[in-house]
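Student: Take a look at the following structure, please.
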Amino acid sequence: MNNASDPFFENVKQLFTVEQHMFSRRGAWLALQATSAKYGRGALYLMTNHGSRCHSGNKEYSRLYRLYPTFEGRCVPFAIETAAAEYTLHTRHGDVRFTWADTTKLIAQGDKNMGLFVERNAEPFEVLKPRKDGAWESPIRGNPLLFKGLEGSAITFDDTYNFHKFMCPEIRGRTHPNSDGIFTLVIEDFPYCVWVRDKYPSYEEAKASMQADWDEFLAKFPHFTEPYEQKREETAYILWSHLVAPTVRTPTWMIMMFPGVIGSQWQHVKNAVALQDHTDLSLDLLLAYLYAQDPEKGQLPESYDDDILSTHSIKPPIFGWALKDIMSRRDITKVWPRDKIEFLYEGAGRWANWFMECRDDDGDGLPLFSGGEENGLDESTIWADQINMVSPDLSSYLVLSFEAQGDLAKILGKPKEEVEAWYKKSKDLLELMIEKMWDGEHFVALREYTHEPVFTGTLTHYIPFILGNRLPPEIIDKMAADLSVEGGLVSKYGLATERMDSDFFEVQDLQMGCGAIDPPAEVFIITGMWEAGKKDLARDLVSRYCGRLMDRGFSHIIDPISGDGSPFWGTWSRCVFTILCRMVSEG
């Protein structure tokens, strides 16, 4: 209701910013997202994270319905208040509230005489279908939705069906209150055609369920030392709300990168580290892409969801880095089923071996990436003039992968010869990469076949820091010295992906690897520094990067000179924030 001291709701509390994030529940594929929380400024949408309906990441494409609060049937301006278990539209006449009963049911309810108007400009084959008990089926973009009034209230839609166009060109629905002037609405997401349930939860029951799920998740989220603890709850919420439940085509829990875009293969592995205290969830995130593994050669897709399998490219193999971190904190045999550890061992091992078998055409024992997209920084300048390059980051990831495979083999009681073979593979690759790629000053890249060394301004040359204390002290000291010099790669906001004084330096739009500060490079280098004993330097870089996130928002891509961020936020920076803040907090 209208408050005389704050008539336009300028002082309402916000758990998260609605412009960058979505209101959802752990497991839900639908969400609410708005363009602004300010009074009279925002447009509110029901959006989907399902498959190809939004695979482009285009916000317009992922938006299913626009929602408006109404008073006595007319649309009225609103402001938004966010909490973990409730999303409130404040108007000068009353409120409309939303909560999630479970992973498929969004429940809305309004104060007396308040209502909800929903609209959409439809596409071909989007036809409203009346169902029993006043329910409606709306199959939009292959996403069957049920709309139904509850507790004596109702929703009706305009009859705009056009036989010749085979669609309802303008879909418009309005709620109608019960005898007490209150409306309650359920919007349910179905994997197949909708059906009407015999019973639905009340708004109060739904909110209590959502709050309990959130409380359980937050209780297991790691605490941080100050000042990082200030962003703990918000960070936990963003990760929680981007988790999506298994579907017919995605057999495990997964996580979105941004609203509307599923996390790629290596993002799932990173998030398994960030969320490792949720042991079942962490394992699901590790296994997610192994269920889509090439049965013949062992390649993992770059990305996949409930509609699309993207195998044209790859992302780096970081299972070893993740497993070494997780196993340093817990005995996985006490929290993960043996059959799933076995599945992880087989799948992660085949993935690591794929690089040695399929990406070493010149047979020198050092595998390569075909382009910066596979390296994960996209525009990394190692690949400025040749697509196939042996880069030091890949061998570093695989050294850890083979070592972790040995650890898993030992846990599983594999024959001693099998265990030792993995450790030897790791040791041999480490020795070879140092012999061939360390030039006394830097880790260099090598051209395929000619083995000509290449050193550019990219941060990729320092990702071998991920190896921590496996590196010789003189290499650790030299790389630490390089990354202690202000300017170049070191900015006041963290590590730039390309030297700021390089002619290749460019930070525009979605460019990640030509200079922008990007989460994966930060986390691999800084965690490796920490393990290598360079804790003061690591703390300083955590303070710079995580301080920038706290002060100016959790942008995915950051300009290292101005500190300005990209419009993409999502889970990646939250994941890295969690890992780094936990590291420095535990000491």
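Student: Which one of these is in the same structural domain as V127 (by TED's automatic domain parsing), aliphatic (A, V, I, L, M) and surrounded by 15 or more Cβ atoms within 10 Å (Cβ to Cβ): A236, A208?
Tutor: A208
Student: Considering A101, A31, A37, which residue is under 20 Å from Y237 (Cβ atoms), touching a helix residue (DSSP H, G or I) at 6+ places or on another chain (Cβ under 7 Å) and crowded, with 18+ Cβ neighbours inside 10 Å?
Tutor: The conditions single out A101.
Student: Of all residues in the stretch 289-304 being over 19 Å from E374 (Cα atoms) and not charged (D, E, K, R), which is farthest from the chain's Cα centre (by Cα)?
Tutor: By that ranking, first place goes to P295.
Rundown of residues vs (1) within 32 Å of the chain's Cα centre (by Cα); (2) aromatic (F, W, Y); (3) closer than 16 Å to W266 by Cβ; (4) assigned by TED's automatic domain parsing to the domain that holds P472, yes/no style:
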{"position": "W351", "(1), (2), (3), (4)": "yes, yes, yes, yes"}
{"position": "D360", "(1), (2), (3), (4)": "yes, no, no, yes"}
{"position": "K436", "(1), (2), (3), (4)": "no, no, no, yes"}
{"position": "V444", "(1), (2), (3), (4)": "yes, no, no, yes"}
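Student: Then there's this: So, in the stretch 282-331, of the ones that are over 19 Å from G27 (Cα atoms) and acidic (D, E), which residue ends up surrounded by the most Cβ atoms within 10 Å (Cβ to Cβ)?
Tutor: Checking each candidate, the answer is D325.
Student: Looking at the stretch 104-124, which of its residues are surrounded by 18 or more Cβ atoms within 10 Å (Cβ to Cβ), in contact with a Phe, Trp or Tyr (Cβ under 8 Å, 6 or more places away or on another chain) and outside any strand (DSSP E or B)?
Tutor: Matches in the stretch 104-124: T104 only.
Student: Next question. What number of residues within the stretch 244-281 are touching a residue at least 60 places away in the same chain (Cβ under 8 Å), small (G, A, S) and either farther than 25 Å from Q20 by Cα or buried (at least 24 other Cβ atoms within 10 Å of the Cβ) (or both)?
Tutor: Counting residues in the stretch 244-281 that are touching a residue at least 60 places away in the same chain (Cβ under 8 Å), small (G, A, S) and either farther than 25 Å from Q20 by Cα or buried (at least 24 other Cβ atoms within 10 Å of the Cβ) (or both) gives 3.
Student: Go through (1) of a type outside the set (A, V, I, L, M, F, W, C); (2) surrounded by fewer than 23 Cβ atoms within 10 Å (Cβ to Cβ); (3) in contact with a Pro (Cβ under 8 Å, 6 or more places away or on another chain) for Y397 and report which single condition fails.
Tutor: Evaluating Y397 over (1) of a type outside the set (A, V, I, L, M, F, W, C); (2) surrounded by fewer than 23 Cβ atoms within 10 Å (Cβ to Cβ); (3) in contact with a Pro (Cβ under 8 Å, 6 or more places away or on another chain) leaves (2) as the failure.
Student: Moving on to the next point. If the requirement is being surrounded by 24 or more Cβ atoms within 10 Å (Cβ to Cβ) and more than 16 Å from S391 (Cα to Cα), which of these qualifies: L459, L495, L489?
Tutor: So the residue among L459, L495, L489 that is surrounded by 24 or more Cβ atoms within 10 Å (Cβ to Cβ) and more than 16 Å from S391 (Cα to Cα) is L489.
Student: Also, quick follow-up: Looking for something part of a loop (DSSP other than H, G, I, E, B), touching a Phe, Trp or Tyr at 6+ places or on another chain (Cβ under 8 Å) and within 28 Å of T311 (Cβ to Cβ) - is there at least one such residue anywhere in the stretch 401-411?
Tutor: no
Student: On the given criteria, is T333 among the β-branched types (V, I, T) and under 30 Å from Q508 (Cβ atoms)?
Tutor: no
Student: Which members of the stretch 513-525 meet the condition of being crowded, with 24+ Cβ neighbours inside 10 Å and either assigned to a loop (DSSP other than H, G, I, E, B) or at pLDDT below 95 (or both)?
Tutor: Within the stretch 513-525, G513, G515, A516, D518 meet the criteria.
Student: Also, I was wondering about something else. So, in the stretch 42-64, exactly how many residues are modelled with pLDDT under 75 and either surrounded by 24 or more Cβ atoms within 10 Å (Cβ to Cβ) or touching a Ser or Thr at 6+ places or on another chain (Cβ under 8 Å) (or both)?
Tutor: Adding up the residues that qualify gives 2.
Student: With respect to the numbered conditions (1) touching a residue at least 40 places away in the same chain (Cβ under 8 Å); (2) in contact with a Leu (Cβ under 9 Å, 6 or more places away or on another chain); (3) farther than 21 Å from A245 by Cα, which one is the sole condition not fulfilled by R329?
Tutor: Failing condition for R329: (2).
Student: Report, by residue number, each residue of the stretch 339-383 that is of a type in the set (A, V, I, L, M) and either under 23 Å from L286 (Cα atoms) or outside any loop (DSSP other than H, G, I, E, B) (or both).
Tutor: Selection gives I341, L344, A348, A352, M356, L377, I382.
The values are calculated or read from the model by the stated rules, or taken from the named source; none is laboratory data. Note that the structure is a prediction, hence the values are computed from the model and not measured. Cβ coordinates were reconstructed from backbone atoms using ideal geometry, including for glycine residues, and neighbour counts include every protein chain displayed.
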